[in-house]
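Contents: one structure, followed by commentary.
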Amino acid sequence: MPIAPSLLSPSSSVSHFLPRLPNATRLNVASRSRVATVVASSVTDLAGVDSTTIAVLGGGSVAALATFVSLTDPERRRKLQAEEVGGGDKEVVREYFNSTGFERWRKIYGETDEVNRVQKDIRVGHAKTVEKTMLMLTEEGSLAGVTVCDAGCGTGLLSIPLAKEGAIVSASDISAAMVAEAETKAKQQLGGENLPRFEVNDLESLSGKYNTVVCLDVLIHYPQNKADGMIAHLASLAEKRVILSFAPKTFYYDILKRIGELFPGPSKATRAYLHAEADVERALRKVGWKISKRGLITTQFYFSRLIEAVPM
């Protein structure tokens, strides 16, 4: 179930407010509470997004908030989420995308106008990721008869275009609700021709051999130690290439993510993890793969690193 990392623009009302914050060393508990309340009330466009939303602020604003953000504890909220569903990251993701997350992201990935400007921008960003992935897949020749595993297929935004190009698609998602939606869309758009084979499954349980394995905007739900194993497993399923997208981890983005976690939205959401490109590359090289192509997709509120890897 792809979920897009997103950004809050520097032009928002939040960035205009933040430079006027008091010196971080003078923030007591009461003043920190007031600051959070004022900033939260300013983020009106984020009401329909969730804790993967990252506030992108001006450099000075980020510096002013760095100490304040370090005093927060998003891990506490994450642990409570896991306890509620009786498991870890995987269980939280499954529960979220079978409930409130499904409704939210079906709108974002769909065509309805019932989205705010942040959600609409995320839709555009993810569509660009799908478009660039299709270019990577088709620039070397026809996809007719090529076996492709779409791991974390969401509502089928990649699976369906792949099938239209003649690929033999095996699509899976941890969310039964997402898979059902993808199947419905595929039947509507493809009729009975070359339908993808859909199944409810998590990344670690996938099996088989495919020419190509694709996993878009899924690793954001898992910490690097778990992502390493997932990357290795996905590579073991592929014969020719692996295509991954993930939210890149830098010092700047890491601070912004922590700021975004201060405002989780009206409903429980999944945890969000950024990944350093060097760590992803290291995980691939460890199992005999190397990065052959790289790309970066950004819109006002969305950013994603896209890579293609081939056997060494």
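The values are calculated or read from the model by the stated rules, or taken from the named source; none is laboratory data. Computed from a predicted model, the values in this text were never measured in an experiment. FYI the Cβ positions are ideal-geometry reconstructions off the backbone, even for glycines, and counts take in every protein chain you see. The area values use the complete protein model at the heavy-atom level, side chains included, leaving out ligands, DNA and RNA. Shrake-Rupley method; radii C 1.70, N 1.55, O 1.52, S 1.80 Å.
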In nm, the gap between the two label points placed 7 Å beyond Cα toward Cβ at Ser236 and Thr112 is 4.0
Ordering 133-146, 199-212 by per-residue average of other C-beta atoms within 10 angstrom, highest first, gives 199-212, 133-146
Env charge @ His233, Cβ radius under 12 Å, K,R +1 / D,E -1, value -2
Largest-first ranking of Lys107, Lys185 by accessible area, probe 1.4 Å, whole protein assembly kept, is Lys107, Lys185
Glu131 and Ala144 label points (each 7 Å along its Cα→Cβ direction) are spaced in nm at 2.7
So the carbon and sulfur contribution to the accessible area of the stretch 268-309, 1.4 Å probe, in percent, is 46
Sorted largest first, the C-alpha extents of the stretch 84-182 along its principal axes in whole angstrom are 47, 32, 20
